[in-house]
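Just below is one structure, and these are the notes that go with it.
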Amino acid sequence: HNLLFVGSPGSGKTMLAQRLITIMPPMSFNEMLETSKIYSICGKLPAEQLISERPCRAPHHTISSPGLVGGGSTPQPGEISLAHNG
């Protein structure tokens, strides 16, 4: 499921999104592997660890299309991929 939070600045959209992942069920082992593979490709995976908490990404509203979707001159996953399983 996807959610879109709409409201004026400072109304708590980001805070609500960050708290929402705490009531979601724990990640399964397969979800941990999928998420860790994506973070490993970007070089954001902690040394020899799996991502065990659901990711919560908050990209800036001025993000570029390659930054959001992925790609660029050095192809990397974008924010959409980094938020997978979150």
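At-a-glance table
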read-out: Listed residues GLU34, GLU53, GLU79, GLU48 arranged by accessible area, highest first, probe 1.4 Å; value: GLU48, GLU53, GLU34, GLU79
read-out: Amide hydrogen neighbours beyond the local backbone of GLY70, cut-off 5 Å, H modeled; value: GLY78, GLU79
read-out: In range of the label at SER73: residues from the range 21-53 whose backbone nitrogen is under 17 Å from the point 7 Å along Cα→Cβ; value: none
read-out: Cubic angstrom per residue, convex hull over Cα atoms of the range 1-67; value: 129 Å³
read-out: Sequence of CYS42, CYS56 when ordered by accessible area, the most exposed leading, probe 1.4 angstrom; value: CYS56, CYS42
read-out: Under 15 Å, Cβ to Cβ, from PRO59 - net charge with Lys/Arg +1 and Asp/Glu -1; value: +2
read-out: Ranking by accessible area, most exposed first, for LEU82, LEU4 with a 1.4 Å probe; value: LEU4, LEU82
read-out: Gained length - GLU53 relative to ILE41, 0.36 nm times residue gap less alpha-carbon distance; value: 2.5 nm
read-out: Net charge of neighbours whose Cβ lies under 13 Å from the Cβ of MET32, counting Lys and Arg as +1 and Asp and Glu as -1; value: -1
read-out: Under DSSP loop assignment and at most 16 Cβ neighbours within 10 Å, longest trypsin sites (Lys or Arg not before Pro)-free interval of the chain; value: 1-43
read-out: THR62 accessible area, 1.4 Å probe, all protein chains in place, Å² to nearest 10; value: 100 Å²
read-out: Helix-derived mean residue ellipticity, 222 nm - over the chain, DSSP H n ≥ 4, -39500 (n - 2.57), to 500; value: -9500 deg cm²/dmol
read-out: Heavy-atom accessible surface of the chain: percent carbon and sulfur, 1.4 Å; value: 58 percent
read-out: Surface per residue (accessible, 1.4 Å probe) for the chain, Å²; value: 75 Å²
read-out: Charged-residue dipole, Cβ positions (Lys, Arg, Asp, Glu), the chain about Cα centre, Debye nearest 20; value: 220 debye
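The values are calculated or read from the model by the stated rules, or taken from the named source; none is laboratory data. Quantities reported herein were computed from a predicted structural model and do not represent experimental measurements. In this analysis, Cβ positions are derived from the backbone assuming ideal geometry, glycine residues included, and neighbour counts consider all displayed protein chains. What goes into the accessible areas is simple: the full protein's heavy atoms, side chains included, and nothing from ligands, DNA or RNA. Shrake-Rupley method; radii C 1.70, N 1.55, O 1.52, S 1.80 Å.
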